[in-house]
Amino acid sequence: MKTISSIKEMQETALQARRKGKRIGFVPTMGFLHEGHLSLIRNARKSCDLLVVSIFVNPIQFGDSEDLSEYPRDFSRDEELCKKENVDIVFYPSNDEMYRTMHSVYVQEEKLSIELCGALRPGHFRGVATVVAKLLNIVQPHTTVFGQKDAQQARIIEKMVQDLNFPVNIIIAPIVREPDGLAMSSRNTYLSSDERKRAVCLHESLCAAEKMCQQGEKDTTAIKHQMREIILKTSNATPNIPVEIDYVETADYETLQPVNEIKSKTLIAVAVKIGKTRLIDNVIIE
Ligand code: AMP
């Protein structure tokens with residue numbers, strides 16, 4: 001396995017591989033890898049000859065009041081994990097390498113990024129779309145794998161690739177969870193042990209929503225009401241943990257616009273602050 005930090009070297013390596021007819025698979029991450037990331041890496045490994053994983057905490061997708069400086073990092077551990085997964089190249093650029101002074105071109109998706117996290121994190125998806133566009137031009141993959149964990153992000157990337165004609169196949173892989181249902185996330189490391197116990201309420205609310213849908217409930221007001229109740233319900237095991245709902249939403253999977261009735265493929269998504277940690281999770285109702 002090789003670690004590359006230079007954009008030029010990464011592009012040349014990708015070009016050479018392509019000339020030899022090799023298929024490039026790519027998994028972009030912000031590092032501090034967990035089983036969720038590893039599942040994407042294994043998924044990508046299946047359909048490529050050269051597997052590239054990028055580790056880059058992208059500063060332009062963080063708002064001023066967000067956790068850029070605290071974001072967990074452990075590059076040597078990530079490198080070891082990538083080695084074990086048979087990754088060929090870890091692309092690990094610096095901020096200066098990715099954003100030279102005077103950087104002034106950005107990618108802005110204008111429809112799917114309005115609701116959900118887009119409404120609460122201004123500029124976030126512009127930062128995400130810009131860095132993914134750059135990474136796709138640098139790594140030049142045939143296939144790139146994203147997680148459904150960040151469902152809105154995955155839809156926006158799919159749309160960017162479609163609208164801007166990037167020659168790449170996008171795979172969206174399922175959410176990997178802890179045994180109690182909490183979706184794996186690098187940010188879970190911020191949680192105290194009581195917060196960690198409380199955090200399972202996101203998944204519980206989504207399971208309840210799924211069950212209501214299976215039982216024929218179509219009214220999303222009723223579903224969202226039930227979900228809010230579950231998230232806010234205090235328990236004796238974890239008293240005094242502040243829980244704040246950013247959103248509980250039901251949205252059309254194609255447009256990401258809120259829906260009042262479940263008629264077609266629907267994304268049910270939640271964003272909740274447990275203490276100071278903001279967690280997101282979702283399910284898709286087919
Ligand atoms: P991040 O490092 O958080 O930017 O995530 C990198 C990629 O891993 C994104 O495509 C995420 O959606 C995906 N990912 C993060 N957590 C999970 C998870 N629990 N299950 C599946 N994919 C995940």
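Quick note: the coordinates plus some simple rules give every number you see, no bench work behind them. Keep in mind the model is a prediction, meaning the values are calculated, not measured. Positions of Cβ are backbone-derived with ideal geometry, glycine not excepted, and every protein chain shown enters the neighbour counts.
Brief remarks follow.
- For region 99-167, the gyration tensor built on C-alpha atoms gives an oblate shape. Its axis ratio a/c (a ≥ b ≥ c) is at least 1.5, and a/b is not larger than b/c.
- Order of ASP64, ASP219 under a 10 Å beta carbon neighbour criterion, fewest first: ASP64, ASP219
- Other residues within the sphere of radius under 15 Å centred on the Cβ of SER264, judged by their own Cβ, net out at 0 (K and R +1, D and E -1).
- Annotation for region 27-77 versus region 92-118: alpha-carbon center distance of 16 Å.
- Per-residue Cβ neighbour rank within 10 angstrom, fewest leading, GLU286, GLU249, GLU178, GLU261: GLU286, GLU261, GLU178, GLU249
- The mean of 1/r over all pairs of different alpha-carbon atoms in the chain, once inverted, gives a Kirkwood hydrodynamic radius of 19.9 Å.
- Angle in degrees between helix 220-232 and the longest Cα principal axis of the chain, rounded to the nearest 10: 90 degrees
- Charges were assigned to the Cβ only: +1 to each Lys and Arg, -1 to each Asp and Glu. The resulting dipole of the chain about its Cα centre is roughly 760 debye.
- Counting only residues at least eight positions apart within a chain, or on another chain, the aspartates and glutamates with an alpha carbon under 16 Å from that of LYS83 are GLU35, ASP49, ASP74.
- Dipole of the chain [Lys/Arg +1, Asp/Glu -1 at C-beta], most positive-end residue of TYR247, TYR99, SER264: TYR99
- Whichever lysines have a C-alpha closer than 27 Å to that of LYS233, once near sequence neighbours (fewer than 8 apart) are set aside: LYS149, LYS197, LYS211, LYS218, LYS224, LYS273, LYS276
- Mean ellipticity per residue at 222 nm, deg cm²/dmol - from DSSP H runs of n ≥ 4 across the chain, formula -39500 (n - 2.57): -11000 deg cm²/dmol
- Positive dipole terminus of the chain, leading residue within VAL139, ASN188, ASN58 (C-beta point charges): VAL139
- FRET efficiency, LYS263 to GLN108 (Cβ-Cβ, R0 35 Å, nearest 0.05): 0.75
- Diffusion of region 55-110 by Stokes-Einstein, at 37 °C in a medium of 0.692 mPa s and with Rh set to the Kirkwood radius over alpha-carbon pairs, works out to 239 µm²/s.
- LEU182, LEU206 arranged by Cβ crowding within 10 Å, fewest neighbours leading: LEU182, LEU206
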